[in-house]
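Notes follow the structure.
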Amino acid sequence: MTKLYLALALTTLFCTAAYAQKRKIIDVHFHARSAGDYGNPPPDNPATGKAPNAQTNEAILKTNVGYLKKYNVVKAICSGRLLRNSDFILSDTSRFIGSLEYPDHQNNPLPDTTTFKKLFEEGKFAVFGELGLQYEGKTVADAEFEPYLAICERLGIPVAIHTGIAGPNTPYHGSPNFTIPSGRPLNVEPILKKHPRLKIQLMHMGFPFLEETKALLYVYPQVYVDISAIDWIVPKKEFYQYLKALMTAGFGKRIMYGSDQMIWEDAIGLSINQVETAPFLSNAQKNDIFYKNAMRFYNIK
Ligand SMILES: [Zn+2]
């Protein structure tokens, strides 16, 4: 009896592990970083205390791709400078989708609108984001972004906007113009009204502005959220509470998995495990969050 039980238990365990490995995942918030982007040496992972493997550009690329393969992340929206994105894309053209990040950690201006359109048409990027405008105390509704949003609406380019908060001491370290109100999800509403066909991804699911995020999701069906960073950087219970609230409110088809691994490649596994072990999510809901919702939002074939 005991042996049989043990054998059954082992079979179940094995099957669960095998299934978990097979689950297809899309990371909608992945960053193509370079050595030195976060200082030299870069800080340890704030959640695990682990030092990143970030001495060279080659090491960053290799380690990140290794983790993506390990966890069966079949697609990653690769946000960063276009030149660095191409290192990642060329290493595995079927896995990476380029995304134009702004600001880009090196104070490069946005390309003018003609170049922006041309770069898109040449396939250099497919998504406009991460727009980390909050770090500059700006919002996506500021007039300077209007011509870009008009192009995005016309050409069907999804726009991915950083919302919510940032790390401790952000205004004191490198982002003096950062403000909390500029990251509020409701700042997005004016552009939704002006551009009803614009696809918007609220990055970090508007955390911790739950009520504003719910309001936007209720009123504007074209808005999706990603759970990135919150899925590994804040206390697990807090992440679960927020995610559960969005699920309970009925938005399970518009929540997408993202790691926002930044310079810490171990965040990929960490964040996947948090979703995989969330006790309130069914298997079907996990498949939606990990894969299906992103397929729909990005129109991935
Ligand atoms: Zn962000």
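Hey, could you check region 249-292 for residues that are acidic (Asp, Glu) and out of contact with any Phe, Trp or Tyr (no Cβ under 6 Å at 6 or more places or on another chain) and say which is nearest to Lys237 (Cα to Cα)?
Looking at the filtered set, the residue picked out is Glu276.
Across region 196-231, the number of residues qualifying as away from the ligand (no atom under 16 Å from the Cβ) and not β-branched (Val, Ile, Thr) comes to 15. Reported count of residues in region 39-94, each being within 16 Å of Ser259 (Cβ to Cβ), of a type in the set (A, V, I, L, M, F, W, C) and not in a helix (DSSP H, G or I), is 7. Taking the numbered list (1) of a type outside the set (Phe, Trp, Tyr); (2) part of a loop (DSSP other than H, G, I, E, B); (3) more than 16 Å from Asp266 (Cα to Cα) in turn, Val28 passes all entries but (2).
Does region 126-138 include one or more residues that are away from the ligand (no atom under 16 Å from the Cβ), of a type outside the set (Val, Ile, Thr) and either surrounded by 15 or more Cβ atoms within 10 Å (Cβ to Cβ) or at negative phi (or both)? Yes, region 126-138 contains at least one residue that is away from the ligand (no atom under 16 Å from the Cβ), of a type outside the set (Val, Ile, Thr) and either surrounded by 15 or more Cβ atoms within 10 Å (Cβ to Cβ) or at negative phi (or both). Screening region 276-301 for residues that are within 30 Å of Glu58 (Cβ to Cβ) and hydrophobic (A, V, I, L, M, F, W, C) and picking the one that is most open to solvent (accessible area, probe 1.4 Å) gives Ile300.
Scanning region 240-274 for residues that are in contact (Cβ under 8 Å) with a residue 60 or more places away in the chain and aliphatic (A, V, I, L, M), which turns out nearest to the ligand (Cβ to nearest atom)? That would be Met262.
Counting only helices (runs of 4 or more DSSP H) that sit wholly inside region 180-279, those with at least 3 residues that are under 16 Å from the mean Cα position of the chain (by Cα) are 230-233, 267-276.
Among the residues of region 95-109, those that are open to solvent by 30 Å² or more (accessible area, probe 1.4 Å) and more than 16 Å from the ligand (Cβ to nearest atom) comprise Arg95, Ile97, Gln106, Asn107, Asn108, Pro109.
The values are calculated or read from the model by the stated rules, or taken from the named source; none is laboratory data. Because the structure is predicted, anything quoted here is derived from the model rather than measured. Glycine also receives a Cβ, built like all others from the backbone with ideal geometry; neighbour counts cover every protein chain displayed. What goes into the accessible areas is simple: the full protein's heavy atoms, side chains included, and nothing from ligands, DNA or RNA. Shrake-Rupley method; radii C 1.70, N 1.55, O 1.52, S 1.80 Å.
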